[in-house]
Amino acid sequence: MLNDLPRRPRRQRPLVWRQSGHKQARRWFALTTCAECEVVPATERHHWDGNAANNAPTNVVALCRRCHMRIDGRLETFREQARTRDKIQPAKPCSRCGRLYKPLRRGMCSRCYDRQR
């Protein structure tokens, strides 16, 4: 009776998890100078095809952080976010004592705010 029931297919697991591929690359490939700018010491390893399990010597290259972000397309995203981020507001006078403060506490400096509470 149990043998007549249909069997569920086994869940297929990837042979090499993404993190283990990165760990192998860290063990196998030494960091030298950056392969792109050739000036800055390399701090990261980049997989050209994006597959962390592919640790062939032709696929892994040592890069500095800036070049790695530029190749992955993260540097431009980071710069765009920095441009659109709100600017730091200048200090304003406290509504009670007139002392300059950072605009965080309902128009009052931290001393006046603490007294009010």
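Results, tabulated for the structure shown:
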read-out	value
2 or more residues at pLDDT below 85 and over 22 Å from R26 (Cβ atoms): qualifying helices (runs of 4 or more DSSP H) within the stretch 59-117	74-84, 110-116
Complete set of residues in the stretch 54-94 that are within 20 Å of the chain's Cα centre (by Cα) and buried (at least 17 other Cβ atoms within 10 Å of the Cβ)	V60, V61, A62, L63, C64, C67, H68, M69
Any hit, the stretch 95-117, residues being among the hydrophobic types (A, V, I, L, M, F, W, C) and surrounded by fewer than 10 Cβ atoms within 10 Å (Cβ to Cβ)	no
Filtered residues of the stretch 22-42 (kept if modelled with pLDDT under 85 and under 17 Å from D72 (Cβ atoms))	H22, A25
Only one of M69, M108 that is touching a Cys at 6+ places or on another chain (Cβ under 9 Å) and hydrophobic (A, V, I, L, M, F, W, C)	M108
Tally, over the stretch 32-53, of residues that are assigned to a strand (DSSP E or B) and over 18 Å from the mean Cα position of the chain (by Cα)	2
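The values are calculated or read from the model by the stated rules, or taken from the named source; none is laboratory data. This is a predicted model, so every value here is computed, not measured. Methodologically, a virtual Cβ is constructed for each residue, glycine included, from the backbone with ideal geometry; neighbour enumeration extends over all protein chains shown.
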